[in-house]
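So the structure is just underneath, and the comments pick up after that.
The values are calculated or read from the model by the stated rules, or taken from the named source; none is laboratory data. Quantities reported herein were computed from a predicted structural model and do not represent experimental measurements. Here Cβ is always computed from backbone atoms with ideal geometry, including for glycine, and neighbour counts include all displayed protein chains. The accessibility values were calculated without ligands, DNA or RNA, using every heavy atom of the protein model including side chains. Shrake-Rupley method; radii C 1.70, N 1.55, O 1.52, S 1.80 Å.
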Amino acid sequence: MALPDPDAPRRSSSSRSSRTSVRPDDRLEEEVTRSCRDKRDRFTNPWSTWQFPSGFMLTKFLLRKKRANSNFPARKEVLDSELPVLEPYFVNNPDLSPSGPGLRVTWLGHATVLVEMDGLNILTDPIFSQRASPFQFMGPKRYRGPPCSVQQLPRIDAVVISHSHYDHLDADTVASLNARFGAALSWFVPLGLKNLRAMNGCKNVMELDWWEENCVPTHDDVTFVCTPSQHWSRRNALDTNKTLWASWTVLGPEHSFFFAGDTGYCSVFKEIGRRFGPFDLAAIPIGAYLPRDVLKGQHVDPEEAVQIHMDLQAKRSLAIHWGTFVLAYEHYLEPPRRLKEALKQKGLNLESFFTLHHGESRLLTSHGADVYH
């Protein structure tokens with residue numbers, strides 16, 4: 001069987017022949033939302049729901065940012081009680097015993113998730129650094145540390161990156177993963193990120209546009225589809241929106257997983273749900289959403305996160321992008337509280353969209369008897 005070449009032409013999602021239960025309807029092929037660029041040849045969002053704060057609003061937000069620091073306790077004892085950081089089960093079991101017929105997910109803080117499905121170990125937007133910044137002496141600092149180090153991770157087969165912001169693409173973490181796993185690790189990134197300095201030295205980097213797909217060499221029964229999200233990108237003052245942002249759809253012979261990355265709410269999640277749903281598991285952000293006049297276009301609130309869960313037809317969803325960095329104004333425990341209220345208002349089972357402690361795992365089984373550890 002020929003192995004996929006990361007430099008070969010990218011495949012459209014309509015060409016996928018496996019897992020016919022989620023094969024996209026050919027009639028929808030022309031209806032999907034494609035990536036687009038503005039007159040300056042920079043990526044832009046095609047939805048009317050997209051809005052970016054004015055310079056005045058953004059300056060006001062940044063000047064008042066210190067107020068957000070009052071929204072979490074300074075005492076470590078309180079944080080340890082309310083947001084404990086647990087040692088992941090794999091630290092003492094690095095070979096990862098087979099998860100059986102289920103799908104296992106471990107939350108490692110912020111948008112970093114380890115998913116074990118269909119023989120692959122997949123890591124999303126990994127950040128193990130103390131700060132989401134190009135410098136480790138300034139910038140947003142974790143108030144909940146990573147539950148393990150890169151060296152304590154089990155075998156990682158694939159990493160998906162949603163966009164270039166420092167809390168989702170951390171150069172030090174990328175370098176550590178590359179040093180440990182080298183060419184055995186496949187990277188899936190949106191357009192423009194392959195040659196970014198943060199990805200220097202990485203092998204097997206698959207750079208995809210929205211709706212294109214590829215797979216891990218030697219494991220072509222699991223398909224990684226680059227799917228849209230509503231966001232933006234920047235790593236310095238000169239490269240705003242020069243690289244694309246994305247969500248990721250992972251389709252295996254037994255399970256399916258959706259990673260939203262970082263996003264505002266828009267109609268594309270209904271498109272993704274129609275083409276690839278229902279999903280066995282989705283990882284959806286619920287934090288960094290206040291004030292809404294500044295952040296609505298780029299970050300969903302818990303109520304919008306529940307709507308994405310429904311749009312995707314997700315059987316279960318994990319709440320991410322909260323409880324790790326101070327990025328906005330909401331109280332650090334408000335996101336999970338509002339999530340529960342939103343689920344109740346929609347008449348949904350509270351366990352259908354769940355939270356985990358840092359380092360905690362959940363084995364999802366088809367019969368619903370899920371196991372935490």
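The alpha-carbon atoms of the range 306-355 define a convex hull whose volume equals 79 cubic angstrom per residue. Protein-only accessible surface at a 1.4 angstrom probe places the residues LEU196, LEU244 in the order LEU196, LEU244, largest first. Quick note on the chain: its Rg to Rh ratio, both from C-alpha atoms and Rh being the Kirkwood radius, is 0.93. Ligands, DNA and RNA are left out, and with a 1.4 angstrom probe the accessible area of the range 309-362 is 39 Å² per residue. When the surface is traced with a 1.4 Å probe over the full set of protein chains, PHE43 keeps roughly 10 Å² accessible. Counted over the chain, the DSSP beta bridges are approximately 65% antiparallel.
Within the assembled protein chains, the solvent-accessible surface assigned to MET138 is about 100 Å², based on a 1.4 Å probe. With R₀ fixed at 51 Å, the C-beta to C-beta distance from LYS344 to ASN200 puts the FRET efficiency at about 0.60.
Working note: Karplus 6.51/-1.76/1.60 with θ = phi - 60° gives the range 243-260 the couplings 10, 7, 10, 6, 9, 9, 10, 10, 10, x, x, 10, 9, 9, 9, 10, 10, 7 Hz, where Gly and Pro are set to x. Across the range 148-166, the residues whose backbone nitrogen lies under 14 Å from the label position 7 Å along the beta-carbon direction of ARG234 are 164-166.
Computing Rg and the Kirkwood Rh from the Cα coordinates of the range 166-293 gives a ratio, Rg/Rh, of 0.96.
Once both labels are positioned 7 Å from their Cα atoms along Cα-to-Cβ, the gap between PHE56 and GLN136 label points is 4.2 nm. Split the accessible area of the chain by element, probe 1.4 Å, and carbon with sulfur accounts for 52%. Annotation note: GluC sites (Glu not before Pro) in the range 185-293 located in DSSP loop regions with a Cβ neighbour count of at most 16 within 10 Å are GLU254. Each of TRP232, TRP245 has its accessible area taken with a 1.4 Å probe; listed largest first, they run TRP232, TRP245. With both labels modelled 7 Å from their Cα along Cα-to-Cβ, the ALA74 to GLU87 distance reads 3.1 nm.
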